[in-house]
Every structure is written in C-alpha cells, then in structure tokens.
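**Student:** Here you go, one structure.
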Amino acid sequence: MSGIYIHIPFCKQACNYCDFHFSTSLLNKDALVKSILTEIDLRKNYLPDKTIETIYFGGGTPSLLSEKESFLILEKIYKLYNVSKDAEITFECNPDDLLDDKLRELKRLEVNRLSIGLQSFNEEELVWMNRAHTAKESEFSVKRAQDKGFENITIDLIYGSKFSNITNWKKTLDKAIVLDVKHISSYNLTIEEKTKLGHDLKAKKETAIDDEKSAELFLEMIDRLEKHNFVHYEISNFGKEGYFSIHNSNYWKGKHYIGLGPSAHSFDGMSRQWNVSNNNLYSKRISENKEAYFEKEILTEKERFNEYILTSLRTIWGVELGYLKSNFNDEFVKIFLKQVELFIQTKTIAVNNQTYTLTEKGKLLADKIASELFV
Ligand SMILES: C[S@@+](CC[C@H](N)C(=O)[O-])C[C@H]1O[C@@H](n2cnc3c(N)ncnc32)[C@H](O)[C@@H]1O
Ligand code: SF4
C-alpha cells in the first residue's frame, strides 16, 4: 500500500499567507511537465513490489494543468507502476478553475476525489488573502462538481485570521455542512515569515489572533462538525464514514510514498528525500542527470520513533503499543510508557486497548504533548 504525490508548482497568483513551493509564471509549464514525466521513469524502482493505492495531484494548483498534461502523467504512471484498480485519485483544484469543461476533463481522466480550496466564505477575507475567487464562485464550484457526478469532495478552510470570530466561523461551518461535502480539511492560519502576511506582521501592519481565540474556534468546529456526522479523524481533518483521505491517512500511518515534481518529498520506510524547490533547477538537473535533483536523509531509529509519535498522536488511530514494541527497541518503549503517564493523569491522553489517543483537551496541545513524548 503506497502512494504517489505529484507536485504541480504553478498558481495564478500568490495567496498572501502561502509559503508552499509555486511559481506564478506559467511559461515553463510545458518543460516542467516533461521533467515530471522523466522523473516518473527515473523513480520506477523507488518502491519495488508495492501496489500504488493512491495518486494525489497537489500544489500549487493542479487544476492549471491541461487535460493532455494530466493524461500524460497518469498514462505513464499506469504504464510503469502497479496501480490498483480502485485507486483513490485526488486532484487539488482552485474554485475559479472548476468550470464545466474542467469538470468533464477530470471525469474523463477518472479522477475520483476532488479537493477544492475554498478557504473562506467571507468576501472581504478572500480579498485580504489574495484568493483568485469569490465566495459565490466557491459555492458554485462545489455544486457544479456534485452535478457532474463527483461525490467524494473535500474542501479546505482556514480559520484564525483577524476576520475570524465565533459568529462568522459558525456560519462558515454551517455553509460547509449545507454544501454536503464529504470531507473538510480545516487549518489554523499559520503566519509564515516569507509571505506577504509575514512581512506585514513584522511591519506591524497586521496582527495575529491569540491562541485562546483559536482554541475556541477549533472546539466549535469539532462540536459542530461531529453533530453532523463528520468524524474528527486527524487534528485538521474531518470526514464522513467511508470518505477519509486514504492518501493522507497513509502518510500518517507511516506508509511509503513517492513524491514527484519540485519540492515533493518521498519516504521508503528508512529514508526520506525531497526534490529541489526550484522549477528551473529541477528541470535542469533531471534532464542533465549529472547532479542530484534531491537531497536524502537516512532516518535513525530515534527519528523514526519521534515521527511515529508526532503523526499518529494527531489521528483517531493513536499510538499503538503493539506497533511500538514490534518496531522499536525496548528502551524507547519503556521511556514512552513512563512519559505518557503524566498525560493520562492530566486527562490529555486516553488509553484503550493499549492504544493512546488525545482527548479533546489534549487535541488543543497536540504538538506540545508529542514533543514531550519524544525520545
Ligand atoms: C498549498 S494549498 C494547495 C491547494 C490549492 N492551491 C488551494 O489553494 O486551494 C493546500 C492548502 O494549504 C492550506 N494552507 C496553505 N498555507 C497555509 C497557511 N499559512 N496557514 C494555514 N493553511 C494554509 C490552504 O488551506 C490550502 O488549501
Ligand atoms: S494557497 Fe494554493 S493557490 Fe494560494 S498560493 Fe498557495 S498553493 Fe497557490
């Protein structure tokens, strides 16, 4: 059970908060797709004997690809990798791209899961974010996709900007519920240093909201979405039964994946590698095949242990004692059992059937608790 991630590093315009890797110049899109096709070839033995269960087009903005470009990428993957018949094929789309023709194209490509970046339903906030769409366009894009037969739809939301208050957050969540999407990824706004928002914050032209207010929004989201049958299966992710993201769940469960395209990460169980985050360098190095287009790090047992704690603690599946015992040395397991006691006493972690999960109180402190459980 493995996945393939393809990073499409292009966007129409830069959102003010985003520090993912992308370029707003589409001039080299052709060349970059050719390089990705070459990388598909170069990487075909990265995960030998593994069935590919998920393919995920992420970005950047994959919905900027032409049908031919997406087709060529998928065709080559199907030709060179063992892709399971019922693989989950996700395509990240920006609402402004999801017109009828694009949706028909995605159907022809047999994409079976759409991830639509709505971010907010507040027009003023969307302008502040520098998004390329309005709230109405977002709503229509979801409805159009549903009308065209896409059932497995997830939306992205961001909360915790200066526009967030409990009243409009409730309205946003209700809108998402009424849209009848099957999955919601909802992220607390992070103000990244190298973004416009980061610069404005430094120049004191912007303010960040405090943790207490973010916590209130987070708890409201859990309450409201759970009442509408969404399962809070990962700190930032909610899905109806049967609609959890298989691709992302596999990341959190420590399964293996190949990342293609500039800035994409790969993991084979023992090592992690990441491609250069520069479109021209990536293409140049791929075509010349002289210099590595990626950096690689072999993970120590300690690093693997800490990563498992960090990712699994954020999920509904939690930290399994059996997994720890069969994958790590006795000393690490002993340290874990000793350190976790404090969190059980403070009711931030619950233990059931030798599985440790965060309580609601614990979810507010997820990263802090994980770091204190590190060896
Ligand atoms: C990198 S984007 C790619 C998807 C697509 N381009 C879009 O904008 O919808 C993936 C998601 O990350 C989230 N994101 C990006 N930067 C963020 C930030 N600084 N804080 C919180 N969420 C962020 C947004 O919700 C976004 O939809
Ligand atoms: S949030 Fe999405 S559309 Fe906006 S800059 Fe980042 S990747 Fe591009």
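**Student:** Taking a cut-off of 21 Å between Cα atoms, list the lysines near Lys227, but don't count ones fewer than 8 places away on the same chain.
**Tutor:** Here the lysines satisfying the reach criterion relative to Lys227 are Lys170, Lys171, Lys175, Lys182, Lys240, Lys361, Lys363.
**Student:** Follow-up question, since we're still on this one. Using a Gaussian network model of the chain with C-alpha springs under 10 Å, which one of Glu124, Glu53, Glu234 is most mobile by mean-square fluctuation?
**Tutor:** Its mean-square fluctuation being the largest, the pick is Glu124.
**Student:** Okay, next question. Restricting to DSSP loop positions (anything but H, G, I, E, B) with no more than 10 other Cβ atoms inside 10 Å of their own Cβ, which trypsin sites (Lys or Arg not before Pro) remain in region 191-258?
**Tutor:** Lys194, Lys204, Lys205
**Student:** With a cut-off of at most 14 other beta carbons within 10 Å, and DSSP calling the residue loop, which trypsin sites (Lys or Arg not before Pro) in region 339-375 qualify? Please list them.
**Tutor:** Counting only loop positions with at most 14 other Cβ atoms within 10 Å, the trypsin sites (Lys or Arg not before Pro) in region 339-375 are Lys347.
**Student:** Still on this structure, I have one more. Can you sort Ile116, Ile8 from fewest to most other Cβ atoms within 10 Å of each residue's own Cβ?
**Tutor:** Neighbour counts put them in this order, fewest first: Ile116, Ile8.
**Student:** With θ taken as phi - 60° and the coefficients 6.51, -1.76 and 1.60, list the Karplus ³J(HN,Hα) couplings across region 342-359 in order, rounded to whole Hz; mark glycine and proline as x.
**Tutor:** 4, 6, 5, 4, 7, 6, 9, 10, 10, 10, 9, 6, 6, 10, 10, 10, 6, 7
**Student:** Filter the GluC sites (Glu not before Pro) in region 175-215 down to the DSSP loop ones having no more than 12 other Cβ atoms within 10 Å, then list what survives.
**Tutor:** Passing sites in region 175-215 are Glu193.
**Student:** I would also like to ask the following. Looking only at region 153-167, which residues have a backbone nitrogen under 18 Å from a spot 7 Å from the Cα of Ala208 in the C-beta direction?
**Tutor:** Only 158-165 pass the distance filter.
**Student:** On to the next question. Tell me which aspartates and glutamates have Cα within less than 16 Å of Lys334's Cα, excluding those fewer than 8 residues away on the same chain?
**Tutor:** Glu301, Glu320, Glu372
**Student:** Counting only residues 5 or more places away or on other chains, whose amide H sits under 5 Å from the amide H of Ile349 once H atoms are built in the peptide plane?
**Tutor:** Ile344, Thr359
**Student:** If the only charges are +1 at each Lys and Arg Cβ and -1 at each Asp and Glu Cβ, what is the size of the charge dipole of region 181-230 around the Cα centre, to the nearest 20 debye?
**Tutor:** Around 300 debye, computed over region 181-230.
**Student:** If you don't mind, there's one more thing I want to ask. Calculate how many DSSP beta bridges within the chain are antiparallel, expressed in % of all such bridges and rounded to the nearest 5.
**Tutor:** If we restrict to bridges inside the chain, about 40 percent are antiparallel.
**Student:** Roughly how big is region 2-252's charge dipole about its Cα centre, with Cβ charges of +1 (Lys, Arg) and -1 (Asp, Glu), in debye to the nearest 20?
**Tutor:** Here the size comes out at about 500 debye.
**Student:** Put +1 on the Cβ of each Lys and Arg and -1 on the Cβ of each Asp and Glu in the chain; which of Ala87, Asn289, Pro48 then has its Cα farthest toward the positive end of the dipole?
**Tutor:** Result: Asn289, furthest along the dipole toward the positive end.
**Student:** Hey, in the chain, which Cys have no second cysteine's beta-carbon closer than 4.7 Å?
**Tutor:** Cys11, Cys93 - these cysteines have no disulfide-compatible partner (Cβ-Cβ under 4.7 Å) in the chain.
**Student:** To continue, here is another question. Could you grab the relative contact order for the chain? Cα pairs under 8 Å, six or more apart, rounded to a whole percent.
**Tutor:** 16 percent
**Student:** 7 Å from Cα along Cα→Cβ at both Glu123 and Asn82: what's the point-to-point distance in nm?
**Tutor:** Label at Glu123, label at Asn82, 5.5 nm between them.
**Student:** Picking from Asn152, Asn28, Asn237, which is most flexible by a Gaussian network model of the chain using Cα springs under 10 Å?
**Tutor:** Asn28
**Student:** Rounded, prolate or oblate: which fits region 1-150 when a ≥ b ≥ c are the square roots of the eigenvalues of the alpha-carbon gyration tensor, with rounded for a/c under 1.5 and prolate only if a/b beats b/c?
**Tutor:** Prolate shape, in that a/c is at least 1.5 and a/b is the bigger ratio.
Since every read-out is calculated from the coordinates, none of them should be taken as a lab result. The structure presented is a predicted model; accordingly, all values stated were derived computationally and were not measured. FYI the Cβ positions are ideal-geometry reconstructions off the backbone, even for glycines, and counts take in every protein chain you see.
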